[in-house]
Every structure is written in C-alpha cells, then in structure tokens.
Amino acid sequence: MPDASATVLVIDDDASLRASVARLLRSVGLNVHAFATISDFLAADLPDGPICLVLDVRFPGQSGLELQRELAASGRQLPIIFMTGHGDIPMSVQAMKSGAIEFLTKPFRDQDLLDAIQLGLARDRARLENDTVLAALREGFRSLSPREREIVILVARGRLSKQIASEIGIAEATVKVHRSRAMRKMNVRSLPELGRMVALLELMADKPQRP
Amino acid sequence: MASYPPNGVDPNSNDRALPEAAQRVSLREWLRPTMSVAPRYASALISVAVALVLAQTLVSYGLPQRFGAFALAAIAATFWYGGTQPGIFAALMAWLVHGYLVEPQADAESRVLSGLVFPAFALVLILVMRARGEFVEVVGTTVERKPCEEALQESEAKARRLVDANIIGIFIWHIEGRIIEANDAFLRMVDYDREDLVSGRIHWTELTPPEWRSRDERRWLPELKATGRLQPFEKEYFRKDGSRVPVLIGAASFENGGNQGVVFVLDLTKRKRAEQALRESEAKFRDYAETASDWFWEIDPHHEFTLLTENAFGSDASSRIGTACWDHALDVETEPEKWRLVRATLDSRKPFRDFVYCCAGRDGAPMFVKASGKPVFDANGAFRGYRGTGTDVTAIVRAQEEHERLRELESQLAHMNRMSVMGELCALLAHEIAQPIATTRNNVRAAMNFLDRNPPDLDEVRDALACLLDDADRAGKIIEGLRRQIKKAPPRKDQFDLNDAIKEVIGLARPTIIKNGVAVHTRLMEGALFVEGDRVQVQQVALNLILNAIQAMSAVEAGERDLVISTERSQPDAVLVSVRDSGPGIDPKDVERVFETFYSTKSDGTGMGLSISRSIVAAHGGRLWADLDTDRGAVFRLTLPGSAEASSDSLTESGCNA
C-alpha cells in the first residue's frame, strides 16, 4: 500500500490531535503534511502525486465546509475527510453531498481513517491519471494543423470521408491523408478511439483549465 | 323677685325705677319669671278659706265672730304676695263668703252692705299703692322692699351701670319687633350704631334669620307669653352687613303676657370659632386614628397593658388589658435573644423603637407588630410604666418574606441559567474530551505500527508514548473542570404544585413581558396541580418556553402579542402545559429540528434551550413537543406525569395586560 508519491494533508487547530494523526499516518508509511490553519494550507505549495485532505469541521474563522466549497468552486477536486467532535448530522450530510470522502466523529477508529484515506488517495490518483491522459491528448490536438483539426472534429462527429471532402471542398483522398496524419500525431489507432478523445477534449474545453 | 319696671314708666327714659332687689340678687334671678297666674288666684281662694276656717273655729270655742278681720288680713296678704287682680278676686270671694256663709241668717240687703267692706278695702289698697307710685304686680318671696327714694335711685344707678358696662348685650324689646333700647355691647355685636336705634330702625324680628324666626314664633314666643321668661338658648342674628353672629340669649317679659321685656345677648362668635376649631381638630385626630393602623398602648410597671386603643392588634383590644405583650407573642421561644434584649431595655427603663415581634392576632392568626415606647414617670420621678404606639406590620413583613423568597428563586433561576450555560459547556466539553481520546487512539495505533516495523522505530514509539501521557493529562484536566462546574445535587424528586411554579416563573419573566408589551393570559387549572420532579428544572423549562415565545413575538405588532399559558389534566395521571404565542409560528419542516442541539433560528441563540428542555422533560417521564394546528403562532406543549390526587377540573381564568 505505501505509495511514495502520495501525500496526506492534515489540517487541525488542535496540535496534539494533529500530531497524533500525522504520527499514525507516518506509521503506515504515508507522507504527511500538517497545517494548523486553513490559511497556512492555502499558502503552501501542493505536493505532486495523489493528495488527500483530513480536516476538522469546526475552525475558528473559516469552517471546513467553507474550504470545501471554495476548493470545489476553484475546480480543484481534492478528496476531503472531515473530522468532528460532535455528531452533527446536518453538517455531515452537507459535507457528504459536497463530495467529502468521509465524515468521522471523534474519537474514530484509526482503521476508518486509514480506509477513508486510501479511498481518497485512490480517487485522487485516478484523477491525476485522467489529468495526465487529457494533458497528452491536449498536447496532441495542439500539434495538429488547422485543416487536420477541422477534419478530426468532423470525423469525430461521424461524417464519412466523402461527406467531409464535399463539405470543405477538397478531394476525398486528401481528407484521408490529413486524417491518418492526425491520428498518428494523436497516437490514436482507430476511428472510434479518435471520436472518444475528441469528445473528452470538447468536454474539457467547457471547463476552466487549471494552470 | 320684683317685677320691673313699674307700669307706665317710659322704658326709654333713664328715670325708670329699679327694684332694690337688684342690689342683692343676680341678674339672672332678677329676670327669673314670676309666679304663674293660677297659683296666685289659688292663693287668693286659700287665704279667704283660711280666714273662714279661723273665724268658724273662734265661734266653735264660743268666742265672737271675727271673719271680717281675718278676711281683711287675707285680702291684704293676697295683694301683697299675689298682686292686684288676685287681691280684688280675694276681696270678692270674701264678700261672697261673708254674705252666704258667715251671715246667712241676715236679710239680703244687710248681707250685701256689710260685705261691701271687703271690696272697699281692696279699692283703698289699690289707691294707696298707686299713690306710692308702685304698682306691685307680683312679689318675690325673698325680696325686701325698701320703698325709700334713695335706695331706689341707688339700685337704679347700679342697674344702669350693669347695662352701660357693656359686658353683655342687653336690649329691651317690643313684641311687635321694635327694639326700644339697647346697650352699646349689643349694638356692637350687630354692627348698628345708636342713631339706628334712636330712629327705630332696629327690629329684632328683622335681625333674626328666617329659619330662626319660625322657631321663635313656634316655640319661644308662646313660652315667653306663658311664663314671662325664656331659658337661655342659642340663635343667630343678622349684622347690619348681612353676615351672621351666633349668640346666646335669655329673655324676660316685664309682665306676664306682656308686650315688652328685656333680653341679654352674649356674642358666641369666639366660642363658636373655638368650638369649630376643636371639632375640626377632633375630627382630624379621629381621622388620623381611624386611617392609621397605629394604636396607642400603656403598660404599668409590671409590663401589663393598662390602656389599648380600640384598633389595637386588629381585634379584641380589651381582652389584652392586664396581660403583657409576651403573653401573646408567638416568637418568644424561637427568638429568645430578641426578647431578652427587650426585657433588658424595659428593665432599664429606656425608650425603645421599632421592636418587631410576632403575636397572635385576629382568630389567633400570626400577626407582626412593630412597637415603640418610652417610659413614663410621675411628678415625683416614680416609674409608672411605658406608653407608646404599635403598628400592624404583617403585610410589610410578609412582603419582605415574599421578596426574600423571590430573591431566592431568582438565585435559583440564575443557577438554572448557569445550568443551561453549562449545557452548552457540556457540548463543548464533549468536543474537548473527544479530542484527547481520538489523539490517544491515534498515538497507540501509531506506536503499535512503529513497533511492528522491522526493525521497530523506537524513537517514534517513544514520541507516541510521551504524547499519550500528555493526552491522559489533558483528559484528566477536562474531567476536573467538568467536576468543578457540576456541584449541585442531582435532580430532585419532589411533589410540587405546577400552577404555583408556573405563576412564579411568570412573575420572574414579568420584566421581559412588560418590556416587550406582551399580554399574558393564564388559564390554569383550579386548585393545586401536583406533579413530581425537580421544581427548579421544570421552572427552567417553563421559563425557556415563555422567553422563547416572547422573543418569537418580537416580529409581530406590539398590540398583537398574546401569550397564553395553560395547564390542564390531559389524562388521569398526566398534566399538560401549553405555551402559545401569537408570533410567526414555526415552519412545518422545522418543527422537530428546533429541538436539535445547536439548531437555532435566533442569531444569538445557542441552540441548546429546547434541546435541554426536552431532555429535562424526558427525564421527568414527560414529553415536550411543538404543535402546528393553530391559527397563528406556535404552541409548545409538554406533559408531565401528575400525582394521583387530582384537583377539580374547572378553569380559573385571569388575564393581565402588561
């Protein structure tokens, strides 16, 4: 299970709890970064690799739930595990609805925390992988010439080479040349795969891009 | 007593004859009315009869007949003591008696002629008296007549001095109303001057106010006519300016049935004024005494009551005479020190003030009395006892007790407040204590994990164990703090009257009720409504519901803030309390959430109140919930298990508008 690149970020204003959680996570071989306040966390650079956030719901100043909302609004989908001193059901419901991994009531079983962290890290790892694939796709798409992009999009929409040729006013053979070159550039082997990639890219294009 | 002045003398002139009697008799005697008419005529008859009997007695002893001499004596005596008319009457009687009883055998002519001597004698007597200028009408028994001119003048001068001395007002009246003569004292009294008098402008009839006139005519004038005198009585006269002067007058006519007489007049203005002042001050003191609850008391040297005003001790003041105050006191045994001090004060004969004690009052009910007193010494300095005042201060003492009780209740509620704050604190503490436990778990698990490593990471294990120690200490401190907070006894199980408890809570909330302009209506079940539990906790719940209701109604218009608090027996063994407000009510979806911890619709609410209230009610075996089925506002209801002895089910309704 240890994943050298995975990091758990612990935010809690209670020093001893923070330290104990950090120690527990270290004892199972996880990298841990601990923060006393949310602003400390926001000021820090996020490490590479999968990340999971463990934080207390109640904070003086800014609550965990608010942080969750802010992160979601900025498009950074961090997996979050909440800890709380009170069994506050409405609050936990809200947290879970907003996409929290788990809502743990103190004192919690360490295994529950570790399980939740594994889930969170797995989710973040998947997200990271997804991000990598998309980045590669985007790179490939960016390397296409304008004509190739035009043809790739039309192919992805299910047009035949003949239709494309008549639509943009070039020879069918030329269309096929452009298409095969574009597929090579994007490292796509079949036409259906090309269509899926383009669909992913278009989906991505609607969303704000993380720098 | 002489009749005075003689007829025919002008009363206005200064040369009126005055009786010598005046020099010896008082004015009052001088004016005492003379004998009435009938006795005088009776005396005439009797004297003639006596003469007859004496004459017949002489004859029966063989002595010569002497009726004529006796009769002449009888006639003279009658003239002297009875007056002219009775004298003439006696002469006529003697004539008849002589003619028909003494000499019945003689012929008619001689009888009449020999009897003529009596009328002739009477005529002579009349002429003699006339010649002396003295017409004796009625003669008093004590009067000595000094017919000499010198004495007459002397007495006249004295009488004149009396009149002119103006010590009292004197006037001479005519029955028709004219005042013939008056002295300056009288004129001053009625503010007239002598010119008015001389010109005949003063009439006693006009001086007399109408209401007195009728009395004069109905009562005094007939009496004056009948007896010739009037006992002094009070009436009023008009002054010249129309104001009234109260007077005491006495009157006598100069002759029986006469048309003139003398009146003396005493000005009563000063006396009336003094009487009025006295009456007012008496009334004032009576009012003081009646309105004041204070009473007066006196005790003798043996400390026994010798005097108590009627209002003393509320009742039965007289039955306490002869007893000491401690005989009735109810707190001698409970407060021996107080009584010891009082006894010491009394024994040392010092004054004391505001000594409050409890004694048996009306029907033996306890009554608080505040007494003050000072010692009394007689002229020789001997101790005579004490005297002072007492007051019923039961109401004040009771009010103070009530005040104390409310204060105590207030402190209890303050404690309750602390309790509710503590409820919040408990939540925080739960949070706090969860922290070290969680930390402990983490550290233990971490230590175990580090030990399981190959090789074990002992540094980490040591760190973890050190932290465990800290966690344990921290938890201990939290527990200690908690223990410090909760020092009060566990919930009590008492029987108490729920109505009473709720009334107290309303009293406590009154400042808030008034401040918010809330009209409170209570519909409490009549009689005591006993429930079992912790009175203070239940009051805390009631207070919480009432304060919530008041706060909820701050959203509505001031005139529409109605708070209805009712109690009823919902089941044979359960009591239902409802607190209904006219506020905006509760959103149906929030009707259960309001009881959740930390849930609050108020910006400054802790979200603990209803949650704690519900747990208190639950701990009493009851239920607390909010109802929606009302026209407006919210109604919170709670049930409590009531004790078996149910009171009557009728409602007492009362309303108060704050």
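The values are calculated or read from the model by the stated rules, or taken from the named source; none is laboratory data. Model, not experiment: these values are computed from the prediction. As a convention, Cβ positions derive from the backbone with ideal geometry for all residues, glycine included, and neighbour counts pool all protein chains shown. Ligands, DNA and RNA are stripped out before the accessible areas are found, and what is left, the full protein with its side chains, is counted by its heavy atoms. Shrake-Rupley method; radii C 1.70, N 1.55, O 1.52, S 1.80 Å.
Here is how the numbers come out for the structure above:
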read-out	value
Which of B:Phe496, A:Phe35, B:Phe296, B:Phe238 is most accessible, then next, and so on - probe 1.4 Å	B:Phe296, B:Phe238, A:Phe35, B:Phe496
Peptides B:178-188, B:86-96 ordered by average Cβ neighbours within 10 Å, highest first	B:86-96, B:178-188
Cα point-scatterer Debye curve for the stretch A:131-184, base-10 log of I(q)/I(0) at q = 0.30 Å⁻¹	-1.19
Chain A: relative contact order as a whole-number percent, Cα under 8 Å and 6+ apart	15 percent
Computed accessible area, A:Arg181, all protein chains, 1.4 angstrom probe, square angstrom	90 Å²
Peptide B:463-474, shielding by other chains (average Cβ, 10 Å cutoff)	2
Degrees, to the nearest 10: A:146-156 long Cα axis against longest axis of chain A	80 degrees
Isotropically averaged projected area of the stretch B:206-294, using the convex hull of Cα atoms (one quarter of hull area), nm²	7.9 nm²
Per-peptide average of other Cβ atoms within 10 Å, ordering B:46-52, B:393-399 highest first	B:46-52, B:393-399
Relative contact order for the stretch B:153-253, counting Cα pairs under 8 Å that sit 6 or more residues apart, in percent	20 percent
Per principal axis, descending, Cα span of the stretch A:9-56 in whole Å	26, 26, 12
Phi to ³J(HN,Hα) by Karplus 6.51 cos²θ - 1.76 cosθ + 1.60 over the stretch A:166-174, Hz, x for Gly, Pro	5, 5, 9, x, 10, 6, 4, 4, 4
Where B:Arg340, A:Arg138, B:Arg453 fall by accessible area, highest first, once all protein chains stay in place (1.4 Å)	B:Arg340, B:Arg453, A:Arg138
Convex hull volume per residue in cubic angstrom - Cα atoms of the stretch B:247-367	209 Å³
Overall form of the stretch B:306-373 per C-alpha gyration tensor (a/c, 1.5; a/b vs b/c)	oblate
Computed accessible area, B:Lys503, all protein chains, 1.4 angstrom probe, square angstrom	120 Å²
Largest-first principal axis extents of the Cα set of the stretch B:505-573 (Å)	39, 21, 17
B:Tyr192, B:Tyr81, ranked by accessible area, largest first (probe 1.4 Å)	B:Tyr81, B:Tyr192
Positive-end residue of B:Leu230, B:Gly242, B:Phe264, charge dipole of the stretch B:220-283 with Cβ unit charges	B:Gly242
Peptide-level mean, for A:113-120, of C-beta atoms on other protein chains within 10 Å	1
Links that overshoot a 25 Å alpha carbon limit, given the list B:Lys493/B:Lys515; B:Lys338/B:Lys374; A:Lys162/A:Lys185	B:Lys493/B:Lys515
Area of B:Lys477 that stays accessible when all protein chains are in place (1.4 Å probe, Å², to 10)	150 Å²
FRET efficiency estimate (nearest 0.05) - Cβ-Cβ, B:Lys338 to B:Arg405, R0 22 angstrom	0.50
For chain A, projected area of the alpha-carbon convex hull averaged over all directions, nm²	14.2 nm²
